[in-house]
């Protein structure tokens, strides 16, 4: 009798009941309240609630016709300064060095880094602006490549968030809640819409190197309480971007297949006994890893990319782990119908010397970001691929610390910041929202993080109020209990 047969033989009815964590009483209670050990997929009252499925297949049909099938999210971690990039404010040049008016400062929160500061002098942008595109949109001299695609962009200048520190603000942007433990956007989409390529994960994450040493938590791409195989699969900035994916030397591929099949049989037996969702996740993840062995090397091989395409992304494109390399990899993943690709660049936290810091950040990201949009458009992929660029909050219009020509910086500011979107059904060439003369407060068309998330889901065909997962007795959604779709930015 082999090992699997022994397990099956021993897993008698009495053993199961005795080994159950809740016993007969719990089973009786389960029957009284109508619970099931493994819930079935249902769509009740137009609300999506679904089981843990063994394969990453679409959960439901979209609520309405989607305009986007895929998403690339270029997350600029640290808080890009809106005044130095997109939100041109002549008043900051005129009032440079003067105190921010109390009426503008209001009761806005300040972080712990400026809480003991008694003077808040306004600081003019560390750059110049000029007009671009068919609508003469003002953009910074620091982003000339982005300026070349301004007619493709929907620039939202009126973003606001609830959080003022990096970790909770980033988690809030990605999961809809400041506390770790909720599913992120990519996981929600993997869960709800599934994968369009069964050989690759629905959700892939890449961190760019060289941007800065600001820490970033993997909670930003966590599946939270959703099945763990919906979490983001991270591609590392090393020779083997996915650890332990390569078959060891001396091991034949069929040998690995037989080993996986044997392990899978054990897992199936255990799952029949314990009904543990994590066992199903382990089965799914092992199968995905085996499929990725063939798919990933081809994705990362840039040798067949034409020179003019590589040149478009910039000189760093062939260096693994750079933002440029990750951008072209994102395009290749999108071509293979990966649902959600998230890129993180970590170089935007400029509490001091913003002039040099933001120049470094834009030099690393501007050309590749614009090239990605151009590349997707020329391949006919931009129409149904949504590209997002933005961070977790903005920066203050006043100086952090002493105002000097080269040394001043800007503190965190949740009250106004800028994000742009392209493709996927947004209106191109649109500037949405407006801030005051100091880029400090939103004065028109405020867009909360939950509004942004609701709009993103809408473009993918999902009603955010009906996209729900029940966990521990509560119904959760990405937008928590807030948010409305910003239909004015939709084409």
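Read-outs throughout are calculated quantities, based only on the coordinates presented, and are distinct from any laboratory measurement. Only a predicted model underlies this, so the values are computations on that prediction, with no experimental measurement involved. So basically every Cβ, Gly included, is an ideal-geometry build from the backbone, and we count neighbours across all protein chains shown.
Structure notes:
- Footprinting exposure proxy for 386, 236 (fewest neighbouring C-beta atoms within 10 Å first): 236, 386
- For the pair residue 487 and residue 196, a Förster radius of 25 Å applied to the C-beta separation gives a FRET efficiency near 0.45, rounded to the nearest 0.05.
- Between segment 125-185 and segment 224-238, the Cα center-to-center distance that results, in Å: 25
- Rounded, prolate or oblate (a/c below 1.5 giving rounded, otherwise prolate when a/b exceeds b/c) for segment 354-491 by Cα gyration tensor: oblate
- Residue 128-residue 268 FRET efficiency (beta carbon distance; Förster radius 60 Å; 0.05 resolution): 0.40
- Exposure proxy shown here: for 323, 129, 225, the number of other Cβ atoms within 10 Å sets the order, fewest to most, as 225, 129, 323.
- Inter-site label distance for residue 94 and residue 116 at 7 Å from Cα along Cβ, in nm: 3.6
- Shape call, segment 296-351: gyration tensor on alpha carbons, a/c limit 1.5: oblate
- The residues 107, 419, when put in order of fewest to most other Cβ atoms within 10 Å, stand as 107, 419.
- Pairwise FRET efficiency - residue 378 versus residue 217, Cβ, R0 = 56 Å, nearest 0.05: 0.95
- Prolate/oblate/rounded call for segment 36-489, Cα gyration tensor, a/c under 1.5 rounded: prolate
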